[in-house]
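Participant: Please see the structure below; I have some questions.
The values are calculated or read from the model by the stated rules, or taken from the named source; none is laboratory data. Predicted, not measured: the structure shown is a model, and the values here were computed from it. A quick note on method: Cβ atoms are made from the backbone with ideal geometry, for glycine too, and the neighbour counts reach across all protein chains shown.
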Number of protein chains: 2
Amino acid sequence: MPKPSLRDTILDAGLKAMFRTGYHGTSVRDVAAVAGAPVGSFTNHFRSKEVFASEVLERYFANTRLLVAQALDDATLTPRARLKRYLDIITGRLEADGYARGCLIGDLSLEASGSSELLRGQLEAIFAEWRVPFAACIREAQEAKEIASDFDPGDLAEFLLASWQGAMLRMKVERSPAALERFKTIAFQTVFKEPS
Amino acid sequence: MPKPSLRDTILDAGLKAMFRTGYHGTSVRDVAAVAGAPVGSFTNHFRSKEVFASEVLERYFANTRLLVAQALDDATLTPRARLKRYLDIITGRLEADGYARGCLIGDLSLEASGSSELLRGQLEAIFAEWRVPFAACIREAQEAKEIASDFDPGDLAEFLLASWQGAMLRMKVERSPAALERFKTIAFQTVFKEPS
């Protein structure tokens with residue numbers, strides 16, 4: 001396996017730091033120290049902390065895209081089952097972190113969107129992209145009569161992803177999967193239930 | 001009107017700062033400066049930034065309790081209408097802030113619960129208290145056959161409050177009420193719909 005570049009090492013250290021203390025609580029000096037890089041090297045790679053955070057976020061979402069595809073492109077499952085599969089895949093990831101880390105996209109939405117217009121715009125674009133495969137999958141589920149067609153697939157996709165952020169928020173406080181499981185149970189027996 | 005105490009002035013400044021840059025991004029020095037207080041006076045009043053944040057949070061939740069009571073104790077409304085009323089009252093507050101501020105309880109849940117065990121425990125207690133009047137109201141709505149009884153009132157209360165946090169998270173990124181309105185529309189026509 002090739003040795004990761006210093007740039008990648010710095011970005012990895014930044015992700016860990018931002019998970020722990022957020023955007024404002026992450027100092028360039030600490031990230032450089034954890035990555036074993038001189039501060040000068042950090043500033044060679046990244047113009048500012050804001051630009052750095054933006055790259056960390058982009059890498060994080062690139063990984064999220066893979067998890068979305070893993071669930072929603074799984075042709076062995078019905079469309080409705082693919083939606084559940086996504087939430088289960090994420091639940092597994094959260095469990096591996098002891099339910100102490102949530103989603104960086106949600107974290108930065110609350111913490112950084114008010115003070116960084118760069119990050120706010122990027123988060124808005126991320127959510128806009130994120131909903132597309134979910135809306136398509138929900139539309140398929142509606143066409144297959146797996147879920148009701150009372151609402152627009154795009155609105156249901158937004159509802160699902162936003163409410164799931166809320167469940168992760170509660171999970172982080174309780175350090176337990178209870179809120180995640182509660183959300184899945186209630187949502188798939190109401191909003192996303194199979195029509196009787 | 002009596003002049004607010006220096007202590008209250010510092011706490012008010014802390015709330016504004018934490019809304020803007022979170023717990024980690026709020027410095028004792030800056031809060032003291034905004035409040036027009038010497039740093040030494042800050043440390044006379046508050047043992048640490050963590051204890052200070054805990055008091056800011058407690059004051060914030062004390063205000064939230066009043067908003068909950070304003071909606072859920074309104075005997076002129078049916079139980080189901082009271083639940084909607086709460087979300088509408090909060091929506092009005094969020095609108096007044098240009099949808100740029102969400103809920104401090106949600107903000108600190110994502111940003112500070114991982115690094116402060118004091119705040120995490122306090123947030124856990126806040127959520128535990130918060131759900132009680134909602135669960136009681138939902139139970140009343142179920143008994144009045146205003147909403148279905150498929151789920152435990154406590155679970156529905158948690159679902160409502162957690163998902164609403166998710167809607168506020170999206171609102172902050174978009175600076176628009178779209179996610180709030182979408183949540184209300186979908187939730188009250190599915191999870192909290194009137195049985196036909």
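Participant: From the list B:141, B:128, B:135, B:157, which one is at the interface with chain A (Cβ under 10 Å from one of its Cβ atoms) and hydrophobic (A, V, I, L, M, F, W, C)?
Facilitator: Numbers: B:141 fails: at the interface with chain A (Cβ under 10 Å from one of its Cβ atoms); B:135 fails: at the interface with chain A (Cβ under 10 Å from one of its Cβ atoms); B:157 fails: at the interface with chain A (Cβ under 10 Å from one of its Cβ atoms).
After applying the criteria, what remains is B:128.
Participant: Continuing with this model, one more query. For region B:102-120, what are the residues that are crowded, with 24+ Cβ neighbours inside 10 Å and assigned to a helix (DSSP H, G or I)?
Facilitator: B:106, B:107, B:108, B:109, B:110, B:111
Participant: Hey, can you tell me all the residues within region A:163-193 that are in contact with a helix residue (DSSP H, G or I) (Cβ under 7 Å, 6 or more places away or on another chain) and either modelled with pLDDT under 95 or in a loop (DSSP other than H, G, I, E, B) (or both)?
Facilitator: A:177, A:191, A:192
Participant: Those residues that are facing chain A (nearest Cβ under 7 Å) and without any contact (Cβ under 8 Å) to a residue 60 or more places away in the chain, I need them from region B:160-182; list them, please.
Facilitator: Within region B:160-182, B:162, B:163, B:166, B:167, B:170, B:173, B:179, B:182 qualify.
Participant: Since residue B:151 meets every condition but one in (1) assigned to a helix (DSSP H, G or I); (2) within 7 Å of another protein chain (Cβ to nearest Cβ), which condition does it not meet?
Facilitator: Of everything listed in (1) assigned to a helix (DSSP H, G or I); (2) within 7 Å of another protein chain (Cβ to nearest Cβ), residue B:151 misses just condition (1).
Participant: Please verify whether region B:162-185 includes one or more residues that are over 26 Å from residue A:112 (Cβ atoms) and among the β-branched types (Val, Ile, Thr).
Facilitator: Of region B:162-185, the ones over 26 Å from residue A:112 (Cβ atoms) are B:184-185.
Applying the additional criterion that residues be among the β-branched types (Val, Ile, Thr) yields B:185.
Within region B:162-185, one or more residues are over 26 Å from residue A:112 (Cβ atoms) and among the β-branched types (Val, Ile, Thr).
Participant: So, residue A:116, is that one more than 7 Å from every other protein chain (Cβ to nearest Cβ), in contact with a helix residue (DSSP H, G or I) (Cβ under 6 Å, 6 or more places away or on another chain) and among the hydroxyl-bearing types (Ser, Thr, Tyr) or not? So that I can check it myself, show each step before the final result.
Facilitator: Working: more than 7 Å from every other protein chain (Cβ to nearest Cβ): yes; in contact with a helix residue (DSSP H, G or I) (Cβ under 6 Å, 6 or more places away or on another chain): yes; among the hydroxyl-bearing types (Ser, Thr, Tyr): yes.
So residue A:116 fits the description; yes.
Participant: Still on this structure, I have one more. So how many residues does region A:66-80 have that are in a helix (DSSP H, G or I) and surrounded by fewer than 14 Cβ atoms within 10 Å (Cβ to Cβ)? Before the answer, list the steps.
Facilitator: From region A:66-80, those in a helix (DSSP H, G or I) are A:66-72, A:79-80; that's our starting set.
Of the ones still in play, those that are also surrounded by fewer than 14 Cβ atoms within 10 Å (Cβ to Cβ) are A:66, A:69-70.
Residues that pass the stated criteria total 3.
Participant: Output yes when any residue across region B:24-40 is touching a residue at least 40 places away in the same chain (Cβ under 8 Å) and either in the same structural domain as residue B:115 (by TED's automatic domain parsing) or within 18 Å of residue B:97 (Cβ to Cβ) (or both), and no when none is.
Facilitator: Step one: list which residues in region B:24-40 are touching a residue at least 40 places away in the same chain (Cβ under 8 Å), which gives B:24.
From what is left, the residues that are either in the same structural domain as residue B:115 (by TED's automatic domain parsing) or within 18 Å of residue B:97 (Cβ to Cβ) (or both) are none.
No, the conditions are met nowhere in region B:24-40.
Participant: Does region A:37-65 hold any residues that are of a type in the set (A, V, I, L, M) and either outside any helix (DSSP H, G or I) or touching a Pro at 6+ places or on another chain (Cβ under 6 Å) (or both), and which are they? Give the steps one after another, and end with the answer.
Facilitator: The first filter runs over region A:37-65 and keeps only residues of a type in the set (A, V, I, L, M), leaving A:37, A:39, A:51, A:53, A:56-57, A:62.
A:37 - this is the single residue of region A:37-65 that is of a type in the set (A, V, I, L, M) and either outside any helix (DSSP H, G or I) or touching a Pro at 6+ places or on another chain (Cβ under 6 Å) (or both).
Participant: State yes or no: is residue A:109 in the same structural domain as residue A:173 (by TED's automatic domain parsing), at pLDDT 95 or above and of a type in the set (Gly, Ala, Ser)? Write out each step before concluding.
Facilitator: Working: in the same structural domain as residue A:173 (by TED's automatic domain parsing): yes; at pLDDT 95 or above: yes; of a type in the set (Gly, Ala, Ser): yes.
Yes, satisfied.
Participant: Within region B:48-58, can one find any residue that is of a type in the set (Phe, Trp, Tyr) and not assigned by TED's automatic domain parsing to the domain that holds residue B:161? If you could, list the steps in order and put the result at the bottom.
Facilitator: Kept after step one, since they are of a type in the set (Phe, Trp, Tyr), are these residues of region B:48-58: B:52.
Among the residues that remain, those that are also not assigned by TED's automatic domain parsing to the domain that holds residue B:161 are: none.
Checked region B:48-58: no residue is of a type in the set (Phe, Trp, Tyr) and not assigned by TED's automatic domain parsing to the domain that holds residue B:161.
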